Every structure is written in structure tokens, then in C-alpha cells.
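Reading through the C-alpha cells given below for one structure.
The values are calculated or read from the model by the stated rules, or taken from the named source; none is laboratory data. The structure displayed is predicted, hence computed values, not measured ones. So basically every Cβ, Gly included, is an ideal-geometry build from the backbone, and we count neighbours across all protein chains shown. When the accessible area is computed, the model is the full protein with side chains, heavy atoms only, and any ligands, DNA or RNA have been set aside. Shrake-Rupley method; radii C 1.70, N 1.55, O 1.52, S 1.80 Å.
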Amino acid sequence: MKKFPIGLCSVSFRKHSPAEILQEMQRASLNVIEWGSDIHAPAGDEKALKELASLQALYGVTCSSYGTYFKIGTTPAEKLTDYIRAARILGTSVLRLWAGSKNSEEFDEGEKEAFFKECLTLATLATKEGVTLCMECHNKTYTNRFQSALELMQAIHSSHFRMYWQPNQFRSDEENLASAEALAPYTENIHLFHWRGKEKFPLAQGKALWKNYLKHFQGNQTLLLEFMPDGRLESLNTEADCAKMIREEMQ
């Protein structure tokens, strides 16, 4: 049986307070969240992080992961310890990072070598600290293509250096299915949404496609709803219900 815990990325609702988000999650019967470091959970604000952890407990929500905007090769490596400390306060050992700040095909050989070396250094630190660093599967990073993401995972070869997965809205369904199959063994969490190019659509319109994607995963990955089709907090309940339906129909 594929369990696929279902949660939410707080970046979906940057304009709303943590309390408002948690209240809506409670209405949608969701109890897992990834807090973003940009607005809701800044790494340097220990007081705010502790208040957030207390608020989580109040609503019966656990933190699956810490969504950082740490960019390998751009953000100073020593800053990672601040993010690790913040993740621990929130109660998670999983941190989402960005694999650089440009597409894989834009790296020259020297830049690629330096980038891989930096990744290996961070993976070693993650192992020592007992945390898992996960690369965002995103354009304008080294993991913009599943082939380059797979290359990176195989080169670093560490259980503490893994991937998130999401379909690329600018690529074909066939390529995204190939991506899911290739990266599934390295995937910690999955960002759940249905987009076509720059257009956002209700998850229900992509239900069949998502069931095909998820066939490639074992079911221990957390499905994190990311961005509502209309941007409204009130749409979370409908999107969460659809996510649960996708999971149930796969059993």
C-alpha cells in the first residue's frame, strides 16, 4: 500500500500568517507542513521559529521539511548551519535547497567541477549533522533536467543528499513521466500541483496524470500541495480532497 502523507508548502500562501494557514489546514484535515524560510520561518529569527513550533503543536501539525532558498555555490556554505538549526527548532531534519542559480547546460566544465565539489562538502556536513539536503527540481538550477539531476545524485551518492520531485510545466507529459521514473529512488518529497506553462489549473484536471506519475514512487514520499490554482487560501480544502482521492484511487 502506498501511504503518501499529504501536506502543504507554506509558500503557497505568502500573504497569510502561520496561524491563518494552520487554521485552514485544520479545516482541510492536513497535518503536515513545509515552512518556507523566505516569509514564515526565517532562519535567523530563533524567537519566531520557536513560536512557530509552538503553534504547530497547538494545531497538531508536524513539519515535514524546511523549504530554504539556500543556493549552492551562491549562498556561503557556512550559512547552512543556520538553516540546520532552524530546521531542528521546527522539528525536521529535511531541508530543501536550490542546486545553484542557473540551468545545468549553462555550467562550463570548471563551474561544474566546483559545483559538484561544493555539493559533496555539504553532503558530508549533512551526514555529520544527521540531516538530509534535498535539491529543488526546478528551472534555473543544475537540476532543471532530470538527466542532470540524476547525474548529480549519482555523483554525490549520499543518503543525506537527495531530491524533491515535481513535473516541469514546460516539458511534455512523456518527459515528466521519464523524470519520475529516473528520480524516484532519490526522491524525499514531492511538490503537488497541476500547471501547463504559466497557467495554473485545479489538481482535479491532472488527476489521471498524477496517478501515472506516482506509480513510480514507493509511497513514503510526502505529497506537498504547492500553490493553489487561484491563489486563494479557501481553495486548500478542495485541492486537499483531490490529493486524497488520487492517493485512495491508487490503492
Quiz item: Can you pull out the residues in the range 37-85 that are of a type in the set (Phe, Trp, Tyr) and not in a helix (DSSP H, G or I)?
Solution: TYR66, TYR69, PHE70
Quiz item: When the range 185-213 is examined, which residues are found to be open to solvent by 10 Å² or more (accessible area, probe 1.4 Å) and part of a helix (DSSP H, G or I)?
Solution: PRO185, TYR186, ALA204, GLN205, LYS207, ALA208, LEU209, LYS211, ASN212
Exercise. Would you mind telling me which numbered condition in (1) open to solvent by 60 Å² or more (accessible area, probe 1.4 Å); (2) at negative phi; (3) more than 17 Å from the chain's Cα centre (by Cα) ASN220 fails?
Key: (3)
Practice problem: Output the residues belonging to the range 123-147 that are touching a strand residue (DSSP E or B) at 6+ places or on another chain (Cβ under 7 Å), outside any loop (DSSP other than H, G, I, E, B) and either touching a residue at least 60 places away in the same chain (Cβ under 8 Å) or under 22 Å from ILE190 (Cβ atoms) (or both). | Solution: ALA123, ALA126, THR132, LEU133, CYS134, MET135, THR143
Quiz item: Regarding ARG96, is this residue buried (at least 18 other Cβ atoms within 10 Å of the Cβ) and among the charged types (D, E, K, R)?
Solution: yes
Exercise. Tell me, please, whether a residue that is touching a Lys or Arg at 6+ places or on another chain (Cβ under 7 Å), open to solvent by 10 Å² or more (accessible area, probe 1.4 Å), under 19 Å from LYS102 (Cα atoms) and without any contact (Cβ under 8 Å) to a residue 40 or more places away in the chain can be found in the range 148-168.
Key: no
Exercise. Restrict the check to the range 18-25 and report whether at least one residue is open to solvent by 50 Å² or more (accessible area, probe 1.4 Å), within 20 Å of GLY231 (Cα to Cα) and of a type in the set (Gly, Ala, Ser).
Key: no
Quiz item: Restricting attention to the range 33-54, does a residue exist that is in contact (Cβ under 8 Å) with a residue 60 or more places away in the chain and open to solvent by 20 Å² or more (accessible area, probe 1.4 Å)?
Solution: no
Exercise. Please find, within the range 225-250, the residue that is surrounded by the fewest Cβ atoms within 10 Å (Cβ to Cβ) out of those that are hydrophobic (A, V, I, L, M, F, W, C), touching a residue at least 60 places away in the same chain (Cβ under 8 Å) and in a helix (DSSP H, G or I).
Key: LEU233
Quiz item: Does at least one position in the range 170-183 carry a residue that is open to solvent by 60 Å² or more (accessible area, probe 1.4 Å) and part of a helix (DSSP H, G or I)?
Solution: yes
Practice problem: State which residue is farthest from VAL94 (Cα to Cα) when the search covers only the range 221-248 and only residues that are touching a Pro at 6+ places or on another chain (Cβ under 8 Å) and among the β-branched types (Val, Ile, Thr). | Solution: THR238
Exercise. Answer yes or no: is there a residue in the range 7-15 that is in contact with a strand residue (DSSP E or B) (Cβ under 8 Å, 6 or more places away or on another chain), charged (D, E, K, R) and either modelled with pLDDT of 95 or more or open to solvent by 50 Å² or more (accessible area, probe 1.4 Å) (or both).
Key: yes
